[in-house]
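Engineer: The structure that follows is given in the form of structure tokens.
Read-outs throughout are calculated quantities, based only on the coordinates presented, and are distinct from any laboratory measurement. Quick caveat, the model's predicted, so the values are computed rather than measured. Neighbour counts are summed over all protein chains in view; Cβ atoms, including those assigned to glycine, are modelled from backbone coordinates with ideal geometry.
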Amino acid sequence: MESHLVPIEDFQNRRAIRISLLIEILEGDIPADDESFNPPDIKFGRLARYVANNPTILPQQTPFETRSVNNKGVSYRESVSLWRSSTNGVPVLLYTADIDASTPLNEVVEIINFIFEREELAFAAYGKEGLSDAVRTKYCLVFLPQSLEVPDFDFQQRIIYRANLDASPEFINLIYPPELNRRENTGAALGPLVALLWGHQDYVENIALLSAIMAVGAESGLRRTHVRALALLKDVDSFLPKYRSLSADRHRLLRYLSEIVELENLLILSADAGVNLFTVIPSLRPADFHRALYGVLEIQSDRDRAARILSRVNSMVSARADQIRAMEESEKSSRNRRWVISVSAASTIAIPFSIIFGYFSLEGSQPDPDHFFINVLFYWKFYLTLLLGTIIIFALHGLFYHLDRRRLNSEYGGDPRSNLE
């Protein structure tokens, strides 16, 4: 395929078809130092002050880098830069290529599809080789120059679906933000992977770029939250406290709670912090594009799904915490009962000795002075009575203990220890 890529032009007064691919950066892809990110260095026109005053919400960037490429004898330049979602900190790689506006539509579609599917090209442009096969969130923006005619529906659906197929309107669901389509010769159409804009000023397109970076960061954060929440759900579900490790289990619960708080924060920072662009940039077209983009990516639906999983995890952790507290109370009760038994046994054993020493004391008149008190054969009636009394005391204690355990088993459906040991 002949290359129709042309040298990168300034974001202002652009005359080419621009393809901007946004790719989530995973840990280990590209090291990104927080200090290397700065406020965006592109044109925002009359909205520049709003962008400059909201660094904690709007994305930050590293300087653009370009490199010369020779593709089948045609030289052009690629533009690449690192961005970071300021809300949840997800880094995003922006890869930009300009296509000659005279390129036939079918070849434009092929180029877009090629760039979208070969994300390793974007990382190679930044100097990163040997990319892993991990799944990354991606989104592509296609900007048409004002020199082109307003695209018809067939043109739009071919670009957005990245396929040279005839339009079937009954099976196509494109989103058209009203504010970006109400002016003559301007418009925007959004799909789940590609958005197409035409006829807008450069600052509107550039804020749409910021919006897409925020959306990719939000979707990436929600996906990470969803994956970690599912793993946590399975871990908590397989966790059963045991009497012999209550202290370790209590610390494990604290670790679960800490991770839940971390995931809830990531959920809010990803889905809620940047959901309404109008509060940051009070302009109708950028805000409408942002709202439509979050809608087509189903970010609210993803947020609700992740929130339901976290809510279930929270409920399970609370149930495990209640179970541990009940087991600790049971253990405390058992410990107290063991002390009572020990004291009762000591008291029971002390009773015969008290009787013996009382009976054979100097004040006693019954013992025979010619026989020592340890002469069991001579005093067998006395010792037999004493032994029978002791046995009766222990038997009554054992009977009452057995009746108490039987009552607990009937109330709680069995001894919980038998299932948890």
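Engineer: Please compute the modelled spin-label separation between VAL261 and SER333, points set 7 Å along Cα→Cβ, answer in nm with one decimal.
Structural biologist: The two pseudo-label positions are separated by 3.2 nm.
Engineer: Once you place label points 7 Å from the Cα toward the Cβ at ARG244 and ASN106, how far apart are they in nm?
Structural biologist: Label at ARG244, label at ASN106, 7.3 nm between them.
Engineer: Continuing with this model, one more query. Once the mean 1/r over all distinct Cα pairs of the stretch 104-213 is inverted, what Kirkwood radius in angstroms do you read off?
Structural biologist: Computed over Cα pairs of the stretch 104-213, the Kirkwood hydrodynamic radius comes out at 15.2 Å.
Engineer: For the residues HIS290, HIS397, HIS402, HIS226, what sequence is obtained by ranking on other C-beta atoms within 10 Å, fewest first?
Structural biologist: HIS402, HIS397, HIS226, HIS290
Engineer: Could you work out the equivalent-ellipsoid semi-axes for the stretch 217-285, taking the square root of 5 times each eigenvalue of the Cα gyration tensor, largest first, in whole Å? Each step should come with its number before you reach the end.
Structural biologist: Details: eigenvalues 278, 27, 7 Å².
The answer is 37, 12, 6 Å, longest axis first.
Engineer: Let me ask another. Projected area of the stretch 175-256, taken from the Cα convex hull and averaged over every viewing direction, in nm²?
Structural biologist: The directionally averaged projection comes out at 7.9 nm².
Engineer: Listing THR87, THR56 from the residue with the fewest other Cβ atoms within 10 Å to the one with the most, what is the order?
Structural biologist: Sorted ascending by nearby Cβ count, the order is THR56, THR87.
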